[in-house]
Amino acid sequence: MTFLYKADPVRGAEWAQLFAQKAPELPFQIWPHEGDGASVRYLAAWTPPDDIAERFPKLEILFSVGAGIDQFDMSTLPPALPVVRMTEPGIAAGMVQYVTHAVLGLHRDSRIYARQQRDQVWRAHRVRPASACRVGVLGLGMLGRAVLQQLHGLGFPCAGWSRSVHQIDGIDCYSGGAGLRDFLARTDVLVCLVPLTEDTRGLLCRDLFAQLPRGAALINVGRGGHLVEDDLLAALNDGQLSAAVLDVCEVEPLPPGHPFWTHPDIVLTPHIASMTQPDGAVDAVLENLRRHREGLPLLGLIDRQRGY
């Protein structure tokens with residue numbers, strides 16, 4: 001019975017050390033697998049092999065090493081195979097830090113002052129209270145809720161939207177199609193944290209931007225597939241949006257010469273908003289293996305019908 005890791009090999013070496021300390025009875029191997037594929041019962045991967053059913057016929061659980069599973073081609077996976085997203089607490093902490101930094105940078109005009117420093121211009125701009133900047137988060141899962149609670153504590157009027165109904169203390173919650181319209185109308189800084197599904201691909205588009213107050217800003221820390229890139233450029237260039245902070249792109253790494261690299265109103269980072277921390281990740285996986293042995297529900301189990 002083997003646990004196989006198929007992702008970044010540097011982190012894989014850390015996982016191997018942690019498994020040796022915390023679960024020495026469970027053989028741990030880093031991809032590529034050598035030996036009998038039937039011995040692999042658990043696989044942690046960013047992208048599993050295409051022939052997973054044939055290669056590992058007795059696989060019992062597929063773990064994603066990230067918070068999402070949109071990088072998986074679910075059609076290639078055995079229908080009954082449990083798929084589990086990563087629930088390691090460091091993912092939420094990193095995302096909270098990144099989004100808080102991005103919101104504060106937009107709110108306190110960091111981009112403008114960076115330009116002024118470059119041009120040797122000493123000019124103060126009016127400082128607005130946090131209460132004057134309405135933040136809205138698309139997606140009310142673990143990450144969205146954590147982000148909203150932090151920003152609410154800093155004094156920003158906060159709202160969240162999800163396909164289903166939620167209630168969160170201190171947060172205005174919206175749901176469904178009609179709720180999305182009202183949610184967008186009250187949002188000055190929009191944060192995208194919804195899962196990438198067929199329903200949400202291309203969600204950040206011209207029609208959505210038009211429903212935001214003129215001069216609103218976008219923070220996309222979901223997936224590049226959420227964003228229609230040409231629509232973002234058009235919205236920035238005509239002033240409907242004032243700025244965008246992008247940690248994800250449709251094609252990564254972003255190709256040389258792409259207009260995002262040099263656009264004055266885009267802040268770009270290379271998909272680093274949040275990273276799984278090996279120690280917490282191994283603890284989360286081992287907890288789910290314990291639950292699996294005892295017949296308990298798995299934490300982070302994906303609903304295949306919903307896609308998250």
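The values are calculated or read from the model by the stated rules, or taken from the named source; none is laboratory data. Note that this is a predicted model, so its numbers are computed, not measured. Reconstructed Cβ throughout: ideal geometry from the backbone, glycine too, with neighbour counts over all protein chains shown.
Can you find a residue in segment 2-24 that is assigned to a strand (DSSP E or B), touching a helix residue (DSSP H, G or I) at 6+ places or on another chain (Cβ under 6 Å) and either without any contact (Cβ under 8 Å) to a residue 24 or more places away in the chain or within 25 Å of P195 (Cα to Cα) (or both)?
yes
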2 or more residues β-branched (V, I, T): qualifying strands (runs of 3 or more DSSP E) within segment 59-172: 135-138
Selection within segment 178-191 - crowded, with 16+ Cβ neighbours inside 10 Å and either assigned to a helix (DSSP H, G or I) or of a type in the set (S, T, N, Q) (or both): G179, L180, F183, L184, T187
Residues of segment 176-201 classified as touching a residue at least 60 places away in the same chain (Cβ under 8 Å) and either touching a helix residue (DSSP H, G or I) at 6+ places or on another chain (Cβ under 8 Å) or over 22 Å from Q305 (Cβ atoms) (or both), total: 4
Candidates G141, G160, G136, G155 - the one that is modelled with pLDDT under 95 and either small (G, A, S) or not assigned by TED's automatic domain parsing to the domain that holds V189 (or both): G141
Segment 141-175 - residue that is of a type outside the set (A, V, I, L, M, F, W, C) and touching a helix residue (DSSP H, G or I) at 6+ places or on another chain (Cβ under 6 Å) and, of those, farthest from Y308 (Cα to Cα): G155
Criterion (out of contact with any strand residue (DSSP E or B) (no Cβ under 8 Å at 6 or more places or on another chain), farther than 28 Å from L301 by Cβ and surrounded by 15 or more Cβ atoms within 10 Å (Cβ to Cβ)) met by exactly one of R108, R123, R128, R115: R108
Candidates P264, P253, filtered to the one that is under 19 Å from the mean Cα position of the chain (by Cα), surrounded by fewer than 16 Cβ atoms within 10 Å (Cβ to Cβ) and either not in a strand (DSSP E or B) or not assigned by TED's automatic domain parsing to the domain that holds G12 (or both): P253
Matching residues in segment 192-235 - criterion: being part of a helix (DSSP H, G or I) and small (G, A, S): A210, G224, G225, A234, A235
